[in-house]
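**Q** Next up is a structure, given as structure tokens.
The values are calculated or read from the model by the stated rules, or taken from the named source; none is laboratory data. What you are looking at is a predicted structure, and each value in this text was computed from that prediction instead of being measured. Here the Cβ positions follow ideal geometry from the backbone for every residue, glycine too, while neighbour counts run over all protein chains shown. Surface accessibility is based on the protein's heavy atoms, side chains included, excluding ligands, DNA and RNA. Shrake-Rupley method; radii C 1.70, N 1.55, O 1.52, S 1.80 Å.
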Amino acid sequence: MTPGQPVDLFRQRLGAVLDQRRATGLYRQCLTLESAQGPLIQLAGREYLNFCSNDYLGLAAHPRVVESLCRAARRYGVGSGASHLVCGHSAPHRELEQALAEFTGRQRALLFSSGYAANTGVLQALLQPGDTVLQDRLNHASLLDGGLHSGARFRRFPHNDCDALARRLAQAPGPALVAVDGVFSMDGDSAPLVELARVCRQRPAWLMVDDAHGFGVLGPTGAGSVEAAGLGEPEVPVLMATLGKALGTAGAFIAGSELLVEALIQSTRNYIYTTAMPPAVAAASLTALTLLREEAWRRDHLAALIGQFRRGAEALQLPLMDSGSAIQPLLVGDARAAVGISEALRQRGILVSAIRPPTVPADTSRLRITLSAAHTPAQLEQLLQTLADCWPHA
Ligand SMILES: *Cc1c(COP(=O)(O)O)cnc(C)c1O
């Protein structure tokens with residue numbers, strides 16, 4: 001640096017961020033896949049057993065889903081060309097919205113390009129200064145961000161603590177909205193929806209459920225956590241789920257009353273000021289939804305794998321968390337230790353991600369193992385045996 005030359009403060013700051021991330025074991029990098037999503041994936045020319053995808057039903061590369069995408073692309077092209085309200089909304093979008101509304105037992109559904117956009121968009125559209133939004137501490141970042149930026153009073157409550165929620169609700173002035181994950185993305189446990197709905201009804205407050213990890217997996221027909229809890233639109237007026245997890249495609253939707261959806265269309269900035277998802281993705285999602293509904297064996301097989309994993313991990317005395325879902329984290333604590341186990345597994349051909357702060361609270365770093373209906377019991381056995389080899393003191 002020559003004397004008198006001004007210091008580049010952005011350069012300085014960004015460099016410090018990277019140094020700090022490296023020093024604390026929190027540096028993040030992408031993997032680059034050379035194959036489709038599935039139980040076996042290819043990275044840098046080597047095949048790995050994959051236990052970190054959210055493709056819970058094994059639909060992301062299903063031949064019928066792929067074929068729908070290709071067929072729709074030949075008819076509708078690739079880009080949607082505009083936002084939904086200009087001229088980006090096409091027949092596959094409408095059909096998918098109708099099918100999702102019917103499947104979730106709601107009057108309407110509204111598509112978004114991502115779950116992040118849906119959550120932040122809906123909270124910003126629904127809430128105003130003077131309102132209160134209450135969220136579980138462990139909610140997904142997109143719900144928290146939406147609440148924080150909504151202009152409403154933002155309060156967190158301790159994880160799954162309905163009594164604490166009731167106390168905070170009693171003190172909250174103005175209209176109140178409670179938002180929770182149906183299945184918590186880094187812990188795999190479920191929200192106590194029946195009890196939450198009861199607390200909300202007393203106030204009354206609206207309950208919003210983000211069911212990114214329950215939709216397609218839980219409930220008698222696979223409609224998710226809210227169906228599993230036996231609740232409907234009156235108890236859960238705002239239901240959100242993503243298409244990029246169990247459905248294996250991309251995007252998200254909000255399902256609710258005619259009133260809710262029409263109001264959201266008028267005022268949700270994340271819906272209005274963004275290009276619609278490609279029509280072919282909507283067509284592929286519709287086919288994935290049909291498979292999800294026709295092939296209940298996928299959910300049954302996944303449930304069997306979850307049981308197999310938990311029995312096996314318990315026998316190995318691995319630190320299981322309280323999860324009955326396809327997300328089966330093993331608690332490690334220290335971020336570098338979690339990364340170390342993840343790397344040891346990777347050397348043995350198994351991919352499991354280490355989840356570290358700020359995604360999870362300090363000293364609760366973990367391995368996040370996700371199971372899919374596409375896994376075989378033998379692949380799961382291989383994971384368990386390799387975990388036994390790699391786990392310190394196991
Ligand atoms: C993945 C996820 C989202 C975000 O959905 P995207 O479509 O990936 O943007 C929102 N909420 C939860 C709970 C999630 O797990």
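**Q** Just to verify a result, which residue in the stretch 141-162, among those that are more than 21 Å from the chain's Cα centre (by Cα) and not charged (D, E, K, R), is farthest from residue 267 (Cα to Cα)?
**A** Among residues in the stretch 141-162 that are more than 21 Å from the chain's Cα centre (by Cα) and not charged (D, E, K, R), the one farthest from residue 267 (Cα to Cα) is 162.
**Q** Identify all residues within the stretch 305-322 that are more than 22 Å from the chain's Cα centre (by Cα) and open to solvent by 80 Å² or more (accessible area, probe 1.4 Å); write none if there are none.
**A** Answer for the stretch 305-322, where residues must be more than 22 Å from the chain's Cα centre (by Cα) and open to solvent by 80 Å² or more (accessible area, probe 1.4 Å): 311, 314, 315, 317.
**Q** Could you look through the stretch 116-131, keep only residues that are within 13 Å of the ligand (Cβ to nearest atom) and surrounded by 24 or more Cβ atoms within 10 Å (Cβ to Cβ), and pick out the one that is nearest to residue 186 (Cα to Cα)? Lay out the reasoning, then the answer.
**A** Filtering the stretch 116-131 for residues within 13 Å of the ligand (Cβ to nearest atom) gives 116-123.
Subsequent filtering for residues that are surrounded by 24 or more Cβ atoms within 10 Å (Cβ to Cβ) retains 118-123.
Details: 118: 20, 119: 17, 120: 19, 121: 23, 122: 23, 123: 22 Å.
Looking at residues that are within 13 Å of the ligand (Cβ to nearest atom) and surrounded by 24 or more Cβ atoms within 10 Å (Cβ to Cβ), I get 119.
**Q** Same structure, new question: Quick one: is residue 46 free of Cβ contacts under 8 Å to residues at least 24 places away in the same chain and charged (D, E, K, R)?
**A** Details: free of Cβ contacts under 8 Å to residues at least 24 places away in the same chain: no; charged (D, E, K, R): yes.
Spelling it out, it is not the case that residue 46 is free of Cβ contacts under 8 Å to residues at least 24 places away in the same chain and charged (D, E, K, R).
**Q** Okay, next question. Considering only the stretch 132-148, state which residues are buried (at least 20 other Cβ atoms within 10 Å of the Cβ) and either within 16 Å of the ligand (Cβ to nearest atom) or in a loop (DSSP other than H, G, I, E, B) (or both). Spell out how you get there, then give the answer.
**A** In the first step, residues of the stretch 132-148 are kept if they are buried (at least 20 other Cβ atoms within 10 Å of the Cβ); the result is 132-136, 138-140, 142-144, 146-147.
Correct list: 133, 135, 136, 138, 139, 140, 142, 143, 144, 146, 147.
**Q** Report yes if residue 119 is touching a residue at least 12 places away in the same chain (Cβ under 8 Å) and assigned by TED's automatic domain parsing to the domain that holds residue 264, otherwise no.
**A** Working: touching a residue at least 12 places away in the same chain (Cβ under 8 Å): yes; assigned by TED's automatic domain parsing to the domain that holds residue 264: yes.
Considered against the rule, which asks whether it is touching a residue at least 12 places away in the same chain (Cβ under 8 Å) and assigned by TED's automatic domain parsing to the domain that holds residue 264, residue 119 comes out as yes.
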